[in-house]
Amino acid sequence: MAGRRAPVEVARALPVQVEPIPGPDPFPQGFVHLVLELPSDVLYYEQLKSNVILHDLLVDSLIYKDVKLTASNDDYYFVFEDYLYQVLLCFSRDTSVLQHFVYNSATPPKSYIRGRLGMEEYAVCYPPNGVIPFHGFSMYVAPLCFLYNEPSKLYQVFREIYVRYFFRLHSISSHSSGIVSLCLLFETLLQTHLPQLFYHLREIGAQPLRISFKWMVRAFSGYLATDQLLLLWDRILGYNSLEILAVLAAAVFAFRAVNLMEVTSLAAAEAVLADLSTLKVMPLLQIFLFATGT
């Protein structure tokens, strides 16, 4: 991100007939362009739904538990519980998702057909999409429920965003948008522009990355207000990069720097940064980038 000025507006709000979300820009332009790029494939989605009905998978239990523990307990997303089940259960059975492993450093987990254990010719990817859901996975889908009231379109957009971007947030790689590079970028920004704060937090045992890591892994879903989160994700689409997540994480620390300099423990630092729901993404990024000249 070195040499870049403040992010420019990638999109302007467009009126749509969906449930409104609080604040401005209810439908960022980047998502409009993404929808226009994707061909409608309702039939394929219906086939996936049929597979859900016909075949139970062990990962279904992980999906149910994750939705219950995360989105269902969120003030913004609990109303979309049924949508999340529809999308995530279909996603687990979508073998087209396997294509992203071509440019992913990870490999899909495999199992064997019953009675053929250890025979490679009978090895199959399990789950069929090659992705084992983890705690918080449903939060990649939940914000999109505000934009699309048609499950098939919601599914298409989520799948596309996942195979383009979000898989990098839980895969180890050297890619510039991979989680390792984002961690490095975050710490570099903090050490370069807020060295006193970085040193102070390390001295009291409150490693900044320990606090910000969960934000970046979830792409801030569940931490920011929904309208602000969608503006952030719109910039991801506009820049075709996840680096803005690390920049925003550093900007949050800069915004709360005065309070953080007063804390004396990890618990106190976490308390200062516990609530991000009132933050405004674009002003925060602009202030940080203009002030630092990044």
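Nothing in this text is a laboratory measurement; each read-out follows from the coordinates by a stated rule. Please read these numbers as outputs of a predicted model, since none were measured by experiment. Cβ sites come from the backbone with ideal geometry, for glycine too, and all protein chains shown count toward neighbours.
Listed values, structure above:
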{"read-out": "Linear extension gain, E160 paired with L117, 0.36 nm per residue minus alpha-carbon span", "value": "12.1 nm"}
{"read-out": "Full-stretch length increase - S173, D41 - with 0.36 nm per residue and alpha-carbon distance subtracted", "value": "44.3 nm"}
{"read-out": "The stretch 171-294 - Kirkwood radius from inverse mean 1/r over Cα pairs (Å)", "value": "14.6"}
{"read-out": "Order of L231, L57 under a 10 Å beta carbon neighbour criterion, fewest first", "value": "L57, L231"}
{"read-out": "Distant-in-sequence amide H partners of Y112 (H built 1.01 Å from N, under 5 Å)", "value": "V124"}
{"read-out": "Nearby lysines by direct alpha-carbon distance to K68 (threshold 20 angstrom, same-chain neighbours under 8 apart not counted)", "value": "K214"}
